[in-house]
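One structure is given below, encoded as structure tokens.
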Amino acid sequence: MAEPRKRQRLSQVNSSSQTSTSSVSSVAGGQRDGAGEESRFVEGSILRLSMKNFLTYDYSVVYPGPNLNMIVGANGTGKSSIVCAICLGLAGKTAILGRGDKVGLYVKRGCHKGFIEIELYKRGGNVVINREIHVENNQSLWMLNGRHCNQKTVEEEVKALHIQVIMAVKIICEKVGEFAKMSKIELLEATEKSVGPPQMYQYHCELKNFRNKERELENAVKEKASFLEKAKQRNERNKHDVNRYYEKKRHLDVIELLDKKKPWVEYETIRKELEDLKRERDEAKKQLSALRQAQSPMLKKIQQIDNHLKPTDAQIKAKTVAIKEASNKCKQKQDQLDRKHKEIEDIKQKLKLKQTEEEDHQKRIGNTRRAIDDLKAELAKVGDQPDVTPQINAINVELRQIQEDRAKIEGEKGDLRREKDNLCAEARMLERKLNDMNNMMNVKEEKLRARHRDTHAALQWLRQNRKMFDGNVFEPMMLVINVKDHRFAKYVENHIPFQDLRAFVFQRKDDMEKFMTEVRDRMNLKVNSISAPEESYSKRRPSRNIESLSRFGFFTYLREMFDAPEEVMSYLCLQYKVHDIPVGNEQTKSMIKTVIEEPYLRVLYTSEEKYIVKRSHYSNKISTSNSALQRSQYLTITVDAEQKRQLEQQMRACEQKLRDIDERLKVLQKEAVTLERRDNELLAEKKRLSELKGKKRQLEQKISTKQDSLRQMEQSAIDLNKIEEETKEKIAAVYSQKVSIVVAFMAQMKLRAKLTMEKVYLSLETVGLLAEKTKLENDCREGASELKTTEQKCNRLEQRKVQLTEQCKGLLRRAKSTCRMQPDESLPEDLRNVILKIVYNVLMVHVTLQAFSELPNTLDEIDAMLNEERSRAECFTGLSENVVDEYNKREQEIKHLETELEEKTNALSTYRQNISEAKERWLNPLKQLVEQINDKFSDFFRSMQCAGEVDLHTENEEEYDKYGIRIRVKFHSSTQLHELTAYHQSGGERSVSTMLYLMALQELNRCPFRVVDEINQGMDPVNERRVFDIVVRTACKETTSQYFFITPKLLQNLQYAEEMTILCVHNGAHMLPPNQWDEKTFIKRCLKRKAKA
């Protein structure tokens, strides 16, 4: 590119003595001279910016170029101070900057007031704005073109130049991370304010207010309609109640008529009943007198029969007692005869038993003799068999040998079983220890699930689909990192962010892309993944041996505190330098001032704090920051990996030994079964030979025993003849006793027969008298019963007459009272006509006389009708006159509600029409604006061989507060467009997207100048170079607004344009005063240094 033109830098030096000063140098052309160069500026652009006692500056003047101005300088030198001066010098608010809410805080420390002067380009004469800031009262003095004015005048002048301070400074100055945090809705509002027409955001706010009011009207209409419907429903229900009320009233009127007529009907009924009762009583008295005269002769004759029956009954009772005594004596004699008969049967039975016993005895003797003969014959046969003793001895020898072999096998089996039990116990112990270790890992996994469910879900998917990947894939770091001592966990967790602790580590990048496609794109899970470096860094040596740092209390490096797979450790060594981060104790804390002076120490840990040491590239001074260590949450659960590996080896060895023991036990069991089978065979053979050897001796013993038994049976024989003689004598004695008993029994039988005949004669006499008495009593009883019945009837009729008389008097009084008659008023003959007249004239019931005469004339009919009418009336419960009043009142309310609902509905229709018109005014221009932004944004992305688009997004077109701008980008050809979020894109990709969106806005907004603060932070070199090229191409056009690009660093070999201006900001204790700065001398020195290098 052509060598940039030089221009003289104008600056002045403050006489104030400060330890540090700031200066700004500019490179990009000489000092502006004449209107020729100023013509390249857009109206409203900044020609000059002067700062005095402002933040880091004593005094400095900045001359920006008309196009792209690169403000470059290290952090803390005062780059952002230039932005603050632009904002405050143009009457911007301190809230935009986010550094302090009081304007006095922007004055350099130690000074009482600060100055800002800005010269703006304007055709026909530039505008110069001065602001003098006072610390004491946070007040400012304003001057416009050398004349004092107020802030409002300055704001109007700035607005006339189309300078939007908020848009030019605030939104563009936001860090990329802050911009990415904007929601779609916030992004739309910011875009409307930045590049939209002035009234667009106002229309949007009006639409949102209209929509809120529309909702209120809709809710009001719904409430009114709902209330009206409920009122109609209630009145519809009440209409039925009103009809029921009138129906009930009609039934009550009929009941009232019946109640008035009933007493007179009751009185007339009872009066007629009393007349009939009097006639019936007189006839009963006549009948009673005739019955009493006919009963007297029969009663006298019945008394005579009773006097004769009394002595006859006494004789019958005496005869009955004597007969009973004779019958008892007969029964006793009969029982004695039965006992003697049984005694004879018992004697005969004993004789039969003796005979049977003797027969059995003779049979046993015969059987014994035959058994002796059989045993003697068998003994004669056995005498010729050979001797089997040698065979038995040989068998015994072999049996003893088998017993010894079996004992050896059982002993070996016992030893093996004991060894197996010990191994099983050991295996259970090892398994328990391994389970404890696995449970500890499960606890860590449960903590991961509680903290980040998406990562846990992705972990489950990985375990089920691990075969999909070619290289090593490691679960989240917090699960595979094993801290050697739980006290070390806090160092590891404070050093490695949680975003990486929950990240999956992949050996191959293609595996990582495959994994992210599945879990992030298809399963929509928010997970982190890391590709391990191709070159292993896990064994990289620290810059210094730990022994050389032990004098400061350092005892180990962070890497030595935990174990991890090689790929994970390699990534941590590369990314977080865990191999070169020393960890110290309280001694380190006490010597911290000495420790931070040591070279090569950038990050270090004491027992409770983390220190970050930074060394200035300019002054070589050291700055430190320290923070307290947070308590560990995830890595306190430690598992000794070496111990776990040894336990698993011991477990496998135990299982192998158990399998060997089981095989040996099976072999021994087979041998034992073989020996047992042989032992059983030998025992059976020995038993057979032993039985053969002892059979002769057994036969001789049996013959001797049988012979002894035979002699005993022959000696115990029974004499049956003697027993039969004794039995006959006993039977004869019993027969003689039976004869004497029979004689006595016959005497008692004769006595009982005589007494029975005498009792029969007396009974016959009594029966005759009783029959005569019964006949007389029957005749008399018929007359007496009729007499008694007649007497009772007379008494009952008399009592009933008295009751009916009182009842008639009471009913008459009640009937007169009901019809409002006087008590002494006489009762006419035609009672029914009187009743009708009284009811019609006195009671004033609103019925015709004919209707009253149609009511029933009997009590049963009246009661039946009353019950029916009362039942019908009782069915109408909960009814009153209030129901009718409430019904009529609600009818009026319904009419009023219908009128109000119609008015609200009409208002809502009108309001919706207004909203539709306002929507057209806002939405159509907004869609065109978004399309223009999308075109610019897409062009920028296409120039980078990527894809991106911007669209207007909403879920409901009527919800105007839900409208938002959605940015979707694609950086790889193999992926799809994804919405710009913190989960789908990397930090560098988000930075690029943010910058290009801002560039698209700037292409549409004709603001005179813009400021971009450190937009390239977080970008990778490739994307930073791409964005820089786009910025240069865009900002260096002839018609482009002025552009300020603030950055602490730039890549090498960037492509620069002649239209660019480079503003280098320097700061430090040894900084030259601005008036002593010589650009030519500085350039000569740089060239000499390069030549020497």
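With the convex hull drawn around the C-alpha atoms of region 107-158, the volume per residue stands at 78 Å³.
Beyond 24 Å, what percent of the Cα pairs of region 912-1026 remain?
Of all Cα-Cα distances in region 912-1026, 34 percent exceed 24 Å.
Take the alpha carbon gyration tensor of the chain, find the square roots of its eigenvalues, order them as a ≥ b ≥ c, and report rounded if a/c is under 1.5; if not, report prolate when a/b exceeds b/c, else oblate.
Numbers: a/c = 5.03, a/b = 1.52, b/c = 3.31.
In terms of gyration-tensor shape, oblate.
Say R0 is 25 Å: what FRET efficiency, to the nearest 0.05, do residue 222 and residue 247 get from their beta-carbon distance?
Details: r = 38 Å, r/R0 = 1.50.
According to the calculation, E is roughly 0.10.
Solvent-free Debye calculation, one equal scatterer per alpha-carbon of region 437-574: log10 I(q)/I(0) at 0.09, 0.22 Å⁻¹ equals -0.30, -1.44. Computed over the alpha-carbon atoms, region 651-782 gives an Rg to Rh ratio of 1.75, Rh here being the Kirkwood radius from the mean inverse distance.
Alpha-carbon geometry of region 397-440: the Rg and the Dmax are 18.9, 65 Å, given in that order. Using a probe of 1.4 Å on the protein chains alone, the accessible area found for residue 480 is around 40 Å².
At a 1.4 Å probe radius, carbon and sulfur cover how many percent of the accessible area of the chain?
Values: 31410 of 64210 Å².
The nonpolar share, carbon plus sulfur, comes to 49 percent.
With one equal scatterer per alpha carbon and no solvent term, the Debye-computed log10 I(q)/I(0) for region 211-305 at 0.10, 0.15, 0.23 1/Å reads -0.70, -0.89, -1.10. Mean Kyte-Doolittle of at least -1.0 plus a Cα span of 27 Å or more along the axis: flag which DSSP H helices in the chain meet both, please. Span-like helices, by this rule, are 720-818.
Taking 7 Å steps out from each Cα toward its Cβ at residue 735 and residue 306 produces label points 6.6 nm apart.
Provide the gained length on full extension for the span residue 723 to residue 895, in nm with one decimal, where the gain is 0.36 nm per separating residue minus the Cα-Cα distance.
48.5 nm
Counted over the chain, the DSSP beta bridges are approximately 75% antiparallel.
Taking a straight Cα-Cα cut-off under 16 Å and skipping sequence neighbours fewer than 8 places away in the same chain, the aspartates and glutamates within cross-link reach of residue 577 are 493, 500, 535, 560, 563, 566, 567. Annotation: amide H-H contacts under 5 Å for residue 1071 (H modelled 1.01 Å from N, sequence separation of 5 or more, or interchain): 21. When the alpha carbon gyration tensor of region 628-680 is reduced to an equivalent ellipsoid, its three semi-axes come out at 54, 9, 4 angstrom, largest first.
Sum -39500 (n - 2.57) across every DSSP H segment of at least 4 residues in the chain, then divide by the residue count to get the 222 nm mean residue ellipticity, nearest 500. Intermediate results must be reported in sequence, preceding the final value.
Numbers: 26 runs with 664 residues, N = 1093.
-21500 deg cm²/dmol, from helical runs alone.
Over region 734-816, with a single point scatterer placed on each C-alpha, what log10 of the ratio I(q)/I(0) does the Debye formula yield at q = 0.20, 0.24 1/Å? The computed values of log10 I(q)/I(0) come out as -0.96, -1.06. The residues 623, 817, 50, sorted by heavy-atom accessible surface at 1.4 Å with ligands and nucleic acids left out, run 817, 623, 50 from largest to smallest. Projecting label points 7 angstrom from Cα along Cα→Cβ for residue 332 and residue 535 puts them 14.3 nm apart. Considering only alpha-carbon pairs that sit under 8 angstrom and 6 or more positions apart, the relative contact order computed for the chain is 26 percent.
Annotation: lysines with alpha-carbon distance below 21 angstrom to residue 222 (same-chain offsets under eight excluded): 208, 213, 230, 232, 895, 904. Determine, from the Cβ-Cβ distance of residue 1076 and residue 215 and an R0 of 56 Å, the FRET efficiency 1/(1 + (r/R0)^6), rounded to the nearest 0.05. Computed FRET efficiency for residue 1076 and residue 215 comes out at 0.25. Identify the residues of region 455-469 with backbone N under 14 Å of a label point that sits 7 angstrom from the Cα of residue 974 along the Cα-to-Cβ direction, or state none. Under cut-off, by backbone N: 469.
Here the label points at residue 663 and residue 708, each 7 Å from Cα along the C-beta direction, are separated by 6.7 nm in the simple model. In plain terms, the chain from residue 1084 to residue 716 could stretch by 116.3 nm, reckoned as 0.36 nm per residue minus the Cα-Cα distance. In terms of packing, defined here as the mean over residues of other Cβ atoms within 10 angstrom, the peptides 929-936, 191-198, 792-799, 83-90 line up highest first as 83-90, 191-198, 929-936, 792-799. With the cut-off at 1.5 for a/c, could you classify region 315-445 from its C-alpha gyration tensor as rounded, prolate or oblate? Cα axes put region 315-445 in the oblate bin. Karplus-based coupling profile of region 956-961, in residue order and whole Hz: 9, 4, 8, 8, 6, 7, with θ = phi - 60° in 6.51 cos²θ - 1.76 cosθ + 1.60 and x standing for Gly or Pro. Taking 0.36 nm per residue of separation and subtracting the current Cα-Cα distance, fully stretching the chain between residue 43 and residue 650 would add 210.0 nm. The mean of 1/r over all distinct Cα pairs in region 504-594, once inverted, gives the Kirkwood hydrodynamic radius of 15.3 Å.
Is there a quick way to get the dipole size of region 568-665? I mean about its Cα centre, with the Cβ of Lys and Arg at +1 and of Asp and Glu at -1; what is the value in debye to the nearest 20?
So the magnitude is around 500 debye.
Stokes-Einstein diffusion for region 264-333, with the hydrodynamic radius set to the Kirkwood value over Cα pairs and evaluated at 25 °C in a medium of 0.890 mPa s, equals 132 µm²/s.
Quick one: if the Förster radius is 35 Å, what FRET efficiency do residue 910 and residue 1004 give, using the C-beta to C-beta distance and rounding to 0.05? Numbers along the way, then the final one.
Working: r = 36 Å, r/R0 = 1.03.
Result of the calculation: an efficiency of 0.45.
Overall shape of region 391-498 was characterised from the C-alpha gyration tensor. The equivalent ellipsoid obtained from it has semi-axes of 61, 18, 11 Å, in decreasing order.
The values are calculated or read from the model by the stated rules, or taken from the named source; none is laboratory data. Everything quoted here is computed from the prediction, not taken from an experiment. Cβ sites come from the backbone with ideal geometry, for glycine too, and all protein chains shown count toward neighbours. Quick note on the areas: whole protein, heavy atoms, side chains included, nothing else; ligands and nucleic acids left out. Shrake-Rupley method; radii C 1.70, N 1.55, O 1.52, S 1.80 Å.
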